[in-house]
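Engineer: Quick one: this structure, given as structure tokens, is what I'll be asking you about.
The values are calculated or read from the model by the stated rules, or taken from the named source; none is laboratory data. All values derive from a computational prediction rather than experimental measurement. No Cβ is skipped: glycine too gets one built from the backbone with ideal geometry, and neighbour counts run over all protein chains shown. With ligands, DNA and RNA removed, areas are computed over all heavy atoms of the protein, side chains included. Shrake-Rupley method; radii C 1.70, N 1.55, O 1.52, S 1.80 Å.
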Amino acid sequence: MSLRNTVRAFPTLLRVGFADAVAYRAEMLIWVLATTMPLVMLALWSTVAREAPVGRYGQAQFTAYFLATFVVRQITGSWVFYDINFAVRNGTLAMRLLRPVHPLWAYAAEALAAMPMRIVVSLPVAIVAWFVVGWAGMTHDPFLWAVWLVSIAGSWMITLLVNLLIGCAAFFLESSLKVMDAWLVAFFVFSGYLIPIDLFPPRLRAAVEWLPFRFQIGFPVEVVTGAHDRGAALALLAGQWAWVAAGLAATALVWRAGLRRFAAYGG
Amino acid sequence: MIRVRALRKHFDVHERPPGVAAAFRSLFRRQTKRVTAVDGIDLDIAPGERVGFLGPNGAGKTTTLKVLSGLLHPTSGEVAVDGHEPRRREDAFLKKIMLVLGQKQQLLWDLPPAETFELNRAVYDVPREQYRATMRELTELLELGDLVNKPARTLSLGERMKCELAAALIHRPRLLFLDEPTIGLDVSMQAVVRDFVKRYNEQNGATLILTSHYMEDVARLCPRVVVIDRGQIVYDGALEALVERTRPDKRIVLRFAREVDARDLESLGQLVRHGAGESVLQVPKDAVNGVVGRVLAELPVSDLTVESAPLEEVMSEVFARGRGSR
């Protein structure tokens with residue numbers, strides 16, 4: 001399946017993916033309500049910090065951190081593993097394999113197509129937050145904002161690749177939904193989604209800092225809230241993209257092995 | 001167009017007896033069983049042919065279609081489809097073929113079929129002008145009308161199958177694999193699908209390979225049939241010849257102006273059915289003329305037709321013979 005063919009079809013894949021993402025209005029509203037956990041954590045941690053700062057976090061810092069977490073999670077979230085798992089289990093992956101576009105590119109387009117809706121949801125929150133708390137707790141360095149943009153792309157890639165990998169695990173496990181459940185438990189704890197990584201005990205923190213979870217959420221949030229200087233941010237950015245490269249290699253391997261198995265068992 | 005030599009395909013499938021204990025044991029130790037789905041098939045199909053694959057459930061028909069379309073990798077043997085090795089799934093190959101699986105859909109479930117059509121236009125790189133012309137034609141032939149603008153999930157099974165066919169043909173494949181395309185459809189919708197497929201084959205010179213449990217599909221569409229049983233080809237040739245070979249006797253369907261005693265008919269041949277107003281006699285092919293003459297002369301016949309044995313019965317006998325010979 002040629003890349004040229006995929007590139008040519010990509011705008012249509014995105015457009016159709018967007019139409020699919022907004023097909024259910026009620027479901028979308030429920031989804032928006034279901035992704036407000038960082039705002040709950042914001043209320044919780046702000047209460048804790050009212051008496052005294054926790055680590056480097058006062059109330060303003062917690063507000064900036066969890067609003068940024070909400071925005072990063074909204075923009076970079078993806079659930080395509082569910083579609084892949086379903087397509088492998090019931091055999092409809094066969095229909096995708098018959099098209100001259102690589103199915104993983106098509107899934108990536110679907111994930112990307114959902115992004116405008118995610119931005120529409122997160123943008124009002126970001127604007128309101130900017131009016132309410134101003135720039136307190138956020139970096140003023142344009143270079144770090146540029147790093148943040150690249151880190152968002154890296155975060156989206158890692159999340160997508162995790163989805164592809166876990167989706168492809170269905171080739172071997174028959175159903176990979178529980179694998180994602182296990183991943184999400186680790187993700188919520190170690191990504192910085194519920195607790196900033198720098199509040200972890202030092203030993204645990206040293207390990208968690210280099211795991212992929214942190215690069216999904218914590219790292220972009222830390223960059224935009226000014227937790228790192230330029231040098232440190234760039235070093236972490238390199239670490240994040242190393243995970244992206246590892247994820248790409250792992251996905252290619254698992255897809256190929258999985259497809260052989262799919263072809264061996266009868267599709 | 002298609003050349004297959006010594007094709008074999010086997011699967012290793014998990015096996016587990018029912019019950020909690022077996023379920024628990026299977027957590028630690030999986031038992032697998034090797035199933036041979038296709039067992040040494042040789043096949044040649046020329047461009048533009050319409051070929052029906054017939055066989056009981058699990059005979060290897062769908063597996064063969066999936067190997068030919070590149071979805072399954074053969075365990076051994078050679079497969080060439082229009083100069084391509086299907087398992088490589090090259091763009092040029094995928095743009096020439098389409099597989100329609102009656103029990104699987106490619107329509108986007110939550111969107112109108114028009115969105116799937118547009119998606120297929122893009123992925124198959126169909127020029128806009130050609131796409132518009134194809135859509136006009138498909139809309140007319142399949143009477144799609146407003147269906148294309150309703151979410152696929154709201155369409156009836158028949159409406160969905162019409163849209164599935166349209167989606168499958170947007171890139172005008174030269175080779176069409178149809179696996180049970182009329183399954184679950186009512187009689188009139190089956191006829192619509194059959195007529196459409198036949199017209200597509202005639203107008204475009206496309207090669208057509210069909211599997212179906214509805215013998216009517218095969219009888220109407222496929223001059224050539226390939227009978228597959230337990231992964232092997234047990235017959236390859238004209239449908240009429242298969243019927244002739246399996247059930248050489250003819251059936252004389254008689255309708256009478258008044259009631260006729262069964263004994264009067266039993267002397268003429270094997271009485272297959274005798275009911276109110278209609279009786280069916282089975283006689284050797286060579287004896288048909290003589291029996292028809294006697295019936296017309298001796299009995300109050302109001303209507304008479306001579307038919308071959310129903311295809312369902314012919315196939316049942318073919319499969320039964322296949323099982324008996326092993």
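Engineer: Can you order the peptides A:241-249, B:207-215, A:61-69, B:15-23 by their average number of other Cβ atoms within 10 Å per residue, highest first?
Structural biologist: Working: A:241-249: 15.4, B:207-215: 21.9, A:61-69: 24.7, B:15-23: 9.8.
Result, highest mean Cβ count within 10 Å first: A:61-69, B:207-215, A:241-249, B:15-23.
Engineer: On to the next question. Considering only protein heavy atoms and a probe of 1.4 Å, how much of the accessible area of the range B:248-307 is carbon and sulfur, as a whole percent? Write down the numbers at each step before the final one.
Structural biologist: Details: 1630 of 3530 Å².
Carbon and sulfur together cover 46 percent of it.
Engineer: Let me know the whole percent of all Cα-Cα pairs from the protein assembly as shown that are separated by more than 46 Å.
Structural biologist: Values: 60851 of 175528 pairs.
The share of Cα pairs beyond 46 Å in the protein assembly as shown comes to 35 percent.
Engineer: What percent do you get for the relative contact order of the range A:3-265 when only Cα pairs under 8 Å and 6+ apart count? Write out the running numbers ahead of the final one.
Structural biologist: Working: 288 pairs, mean separation 67.6, N = 263.
Computed value for the range A:3-265: 26 percent relative contact order.
Engineer: Would you mind giving the total buried accessible surface between chains A and B, with a 1.4 Å probe and ligands, DNA and RNA left out, rounded to the nearest 100 Å²? If you can, show how the numbers build up before the last one.
Structural biologist: Values: alone 13650 and 16830 Å², together 27460 Å².
Chain pair A/B: roughly 3000 Å² of buried accessible area.
Engineer: With a 1.4 Å probe and every protein chain kept in, tell me what percent of the accessible surface of the range A:3-265 is carbon plus sulfur. Don't jump to the answer; show the numbers that get you there.
Structural biologist: Values: 8650 of 11930 Å².
Summing carbon and sulfur atoms, their accessible area is 72 percent of the total for the range A:3-265.
Engineer: I've got another one for you. Can you list the residues of the range B:64-78 that have at least 30 square angstrom less accessible area with all protein chains present than in their chain by itself, probe 1.4 Å?
Structural biologist: Correct list: B:Lys66, B:Leu71, B:Leu72, B:His73.
Engineer: Over what distance in Å are the Cα centres of the range A:35-95 and the range B:203-221 separated?
Structural biologist: The two parts, judged by their Cα centres, are 54 Å apart.
Engineer: Show me B:65-74, B:112-121, B:272-281, B:80-89 ranked by packing, highest mean number of other Cβ atoms within 10 Å first. It would help to have the intermediate numbers written out before the result.
Structural biologist: Numbers: B:65-74: 24.0, B:112-121: 21.8, B:272-281: 14.4, B:80-89: 16.1.
Output ranking for B:65-74, B:112-121, B:272-281, B:80-89: B:65-74, B:112-121, B:80-89, B:272-281.
Engineer: Evaluate E = 1/(1 + (r/R0)^6) for A:Ala146 and B:Asp195, where r is the Cβ-Cβ distance and R0 equals 56 Å; express this FRET efficiency to the nearest 0.05.
Structural biologist: Working: r = 62 Å, r/R0 = 1.11.
Once rounded, the FRET efficiency stands at 0.35.
Engineer: Calculated FRET efficiency, A:Thr36 and A:Ala126, Cβ-Cβ r, R0 22 Å, to nearest 0.05? Write down the numbers at each step before the final one.
Structural biologist: Working: r = 14 Å, r/R0 = 0.63.
Here the calculated transfer efficiency is 0.95.
Engineer: Okay, moving on. For the range B:195-326, compute the orientation-averaged projected area of the C-alpha convex hull (one quarter of its surface), in nm². Display every interim value, and only then the final one.
Structural biologist: Numbers: hull surface 42.2 nm².
Spelled out: convex hull of the Cα atoms, projected over all directions, averaged, 10.6 nm².
Engineer: Report Rg(Cα)/(2.2 N^0.38 Å) for the range B:88-243, keeping two decimals.
Structural biologist: Details: Rg = 16.0 Å, N = 156, 2.2 N^0.38 = 15.0 Å.
After normalising by residue count via 2.2 N^0.38 Å, the value is 1.07.
Engineer: Another question, if that's okay. Could you work out which residue, out of B:Ile228, B:Ile183, B:Ile252, moves most in a Gaussian network model of chain B, that is, has the largest mean-square fluctuation with Cα springs under 10 Å?
Structural biologist: B:Ile252
Engineer: Same structure again: Which of the peptides A:71-81, B:302-312 is most tightly packed, and how do the rest follow, going by the mean number of other Cβ atoms within 10 Å of each residue? Before the final figure, lay out each step's value.
Structural biologist: On the way: A:71-81: 21.7, B:302-312: 13.8.
Packing proxy ranking, top to bottom: A:71-81, B:302-312.
Engineer: I need the GluC sites (Glu not before Pro) found in the range A:158-267, filtered to DSSP loop residues with at most 14 other beta carbons within 10 Å of theirs.
Structural biologist: Numbers: sites: A:Glu174, A:Glu209, A:Glu222; in loops: A:Glu174, A:Glu209.
Counting only loop positions with at most 14 other Cβ atoms within 10 Å, the GluC sites (Glu not before Pro) in the range A:158-267 are A:Glu174.
Engineer: Ok, one more. Using a 1.4 angstrom probe, figure out how much accessible area the protein assembly as shown has per residue, in square angstrom, rounded to the nearest whole.
Structural biologist: Values: 27460 Å² over 593 residues.
Result: 46 Å² per residue.
Engineer: Follow-up question, since we're still on this one. I'd like the distance between the alpha-carbon centres of the range B:115-158 and the range B:1-36, rounded to an integer number of Å.
Structural biologist: Each part's Cα centre sits 39 Å from the other's.
Engineer: Something else about it: Can you run phi through the Karplus equation (6.51, -1.76, 1.60; θ = phi - 60°) for the range A:155-172 and list ³J(HN,Hα) in whole Hz, with x for Gly and Pro?
Structural biologist: Whole-Hz 3J(HN,Hα) from phi for the range A:155-172: 4, 4, 5, 4, 4, 4, 5, 4, 4, 5, 4, 5, x, 5, 4, 4, 4, 9.
Engineer: Where in the range B:118-140 is the amide nitrogen less than 16 Å from a point lying 7 Å along the Cα-to-Cβ axis of A:Arg4?
Structural biologist: Inside the label zone: B:123-127.
Engineer: Moving to a separate point now. Using a cut-off of 18 Å between alpha-carbon atoms, which aspartates and glutamates can reach B:Lys33, once sequence neighbours fewer than 8 places away in the same chain are excluded?
Structural biologist: Filter leaves A:Glu174, B:Asp12, B:Glu15.
Engineer: Right, something else. What translational diffusion coefficient, in µm²/s and rounded to a whole number, does the Stokes-Einstein relation yield for the range A:153-254 at 37 °C and a viscosity of 0.692 mPa s, taking the hydrodynamic radius as the Kirkwood radius over Cα pairs? Mind dumping the intermediate values first?
Structural biologist: Numbers: Rh = 14.3 Å.
This corresponds to a translational diffusion coefficient of 230 µm²/s.
Engineer: Related question: What chymotrypsin sites (Phe, Trp or Tyr not before Pro) in the range A:125-173 are in a loop by DSSP, with at most 14 other Cβ atoms within 10 Å of the Cβ? All intermediate terms of the calculation are to be shown ahead of the outcome.
Structural biologist: Values: sites: A:Trp130, A:Phe131, A:Trp135, A:Phe143, A:Trp145, A:Trp148, A:Trp156, A:Phe171, A:Phe172; in loops: A:Trp135.
Answer by residue number: A:Trp135.
Engineer: Here's something else I'd like to know. Using a 1.4 Å probe on the heavy atoms of the protein chains only, list every residue of the range B:147-161 that has 20 Å² or more less accessible area in the complete assembly than in its chain alone.
Structural biologist: At a threshold of 20 Å² (probe 1.4 Å), the residues of the range B:147-161 that become less exposed are B:Arg153.
Engineer: Another question, then. For a Förster distance of 45 Å, can you work out the FRET efficiency between the beta-carbons of B:Arg294 and B:Arg88, rounded to the nearest 0.05? Mind showing how you got there, number by number?
Structural biologist: Numbers: r = 64 Å, r/R0 = 1.42.
Once rounded, the FRET efficiency stands at 0.10.
Engineer: Ignoring everything except DSSP H segments at least 4 long, calculate the 222 nm mean residue ellipticity for the protein assembly as shown; use -39,500 (n - 2.57) per segment, divide by total residues, nearest 500.
Structural biologist: On the way: 27 runs with 330 residues, N = 593.
Counting only the DSSP helices, I get -17500 deg cm²/dmol.
Engineer: Another question, if that's okay. Rg (Å, one decimal) plus Dmax (Å, integer) for the alpha carbons of chain A?
Structural biologist: 19.5, 63
Engineer: Could I ask something else about it? Short version: which residues of the range A:77-110 lose at least 50 Å² of accessible area, all chains versus chain alone, 1.4 Å probe?
Structural biologist: Correct list: A:Met95, A:Leu98, A:Arg99, A:Pro100.
Engineer: Greater than 21 Å separation of Cα atoms is the criterion. Which listed pairs, B:Lys198/B:Lys250; B:Lys61/B:Lys104; B:Lys9/B:Lys95; B:Lys198/B:Lys285, meet it?
Structural biologist: On the way: B:Lys198/B:Lys250 28 Å; B:Lys61/B:Lys104 16 Å; B:Lys9/B:Lys95 25 Å; B:Lys198/B:Lys285 31 Å.
Pairs exceeding 21 Å: B:Lys198/B:Lys250; B:Lys9/B:Lys95; B:Lys198/B:Lys285.
Engineer: Please report the carbon-and-sulfur percent of the accessible area for the range B:1-147; probe 1.4 Å, protein heavy atoms only, DNA, RNA and ligands left out. Walk me through the numbers on the way to the answer.
Structural biologist: Values: 3360 of 7030 Å².
That fraction is 48 percent.
Engineer: Have a look at A:Ala235, A:Ala250, A:Ala108 and tell me which one the Gaussian network model of chain A (Cα, springs below 10 Å) gives the largest fluctuation.
Structural biologist: Judging by the Gaussian network model, the answer is A:Ala235.
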